[in-house]
Amino acid sequence: MGDRYGTIVAETPFHPLDHTWPDQPADEGTIGGLAVVDCVTGAVEEGGETVHLGADIPVRRGTPGWNWLVVHVTDGPVPGREVELAVDEARRRALSAGHTACHLTALALNAALAGRWRKEIPADGLGHPDFDQTAITSSRILPDGSQDVYRLGKSLRRKGFTAEGLAEDLPGIAQRVNDRLKEWIAADAPVWIDSPGSELTARRTWHCGLPEGEVAIPCGGTHLSRTSRLGSVTATLELSGDGSELTMHTTVG
Ligand SMILES: [Zn+2]
């Protein structure tokens, strides 16, 4: 592999990968006519000269005295002091659709699994036990989809989750999730992001005005502006052979 170059600009439309919770992949596009082959989060200490990248950032997100930056990676040096940046809009839209669908399926799954909790755990914005936040181990946003993996181990059972008979119930649970998604898309609910600031480390929150109430989820990703823009969303559920992992595949369209 040849040398790679990282460019930082005053303002960018690019969404970088957040290495601390790498759910939404980086945008693609061009900077100064060159292909952006990767877009990562960087951090530099005030007065410092080294830009630390991704997992090599030695401090926590938002540590005072540090600035977080979007680093556009190219295979060649970006010419000039003023450059045009263009994000691949079709890919961004597909990722936004995948991310909005991901949050909605998580809420629908919480509702569909609500009857399986024997103890009280923190509730989601609709008042259902928050299975998603309690059990999730990884979330990957894909163009027009997502894949969420949940751990159904001892610790979840200790918290009061009943896993007995889950395999037999799975088709019914998926049906309830998909029925609810259909309702929410038909409701044409507004989706928006609240941010206390424009800096990369601002704690952004995803909001959706669903018929049952407004929900808020901490989120650093990009989204569509209304549920109807999804068209249709289908979730499928898959239990691992030993029953220790539940995977939800979400597809838009
Ligand atoms: Zn999110």
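The values are calculated or read from the model by the stated rules, or taken from the named source; none is laboratory data. Nothing here was measured: the structure is a model prediction, and the numbers come from that model. All Cβ positions, even for glycine, are placed from backbone atoms using ideal geometry, and neighbour counts span all protein chains on display. Surface areas here come from the heavy atoms of the whole protein model, side chains and all, with no ligands, DNA or RNA. Shrake-Rupley method; radii C 1.70, N 1.55, O 1.52, S 1.80 Å.
State in Å² the accessible area per residue of the chain; use a 1.4 Å probe, count heavy atoms of protein chains only, and round to the nearest integer. Show your work: numbers first, answer last.
Details: 13020 Å² over 253 residues.
It amounts to 51 Å² per residue over the chain.
With θ taken as phi - 60° and the Karplus curve 6.51 cos²θ - 1.76 cosθ + 1.60 applied, the whole-hertz 3J(HN,Hα) list for the stretch 57-64 is 5, x, 10, 6, 3, x, 4, x Hz, x standing for glycine and proline. For q = 0.14, 0.16 Å⁻¹, what log10 I(q)/I(0) does the chain give under the Debye formula with an equal point scatterer on each alpha carbon and no solvent? Computed log10 I(q)/I(0) values: -0.99, -1.18.
For the stretch 86-97, 3J(HN,Hα) computed residue by residue from phi via the Karplus equation (6.51, -1.76, 1.60; θ = phi - 60°) reads 9, 8, 5, 5, 5, 5, 4, 4, 5, 5, 4, 4 Hz, glycine and proline entered as x. Across all Cα atoms of the stretch 156-253, the radius of gyration (one decimal) and Dmax (whole number) stand at 16.5, 47 Å. Among the GluC sites (Glu not before Pro) in the stretch 191-253, those located in a DSSP loop and surrounded by at most 15 other Cβ atoms within 10 Å of their own Cβ are E199. Our note on the geometry: Cα centres of the stretch 35-60 and the stretch 143-164, 33 Å apart. On the chain, 48 percent of the accessible area sits on carbon and sulfur atoms, based on a 1.4 Å probe.
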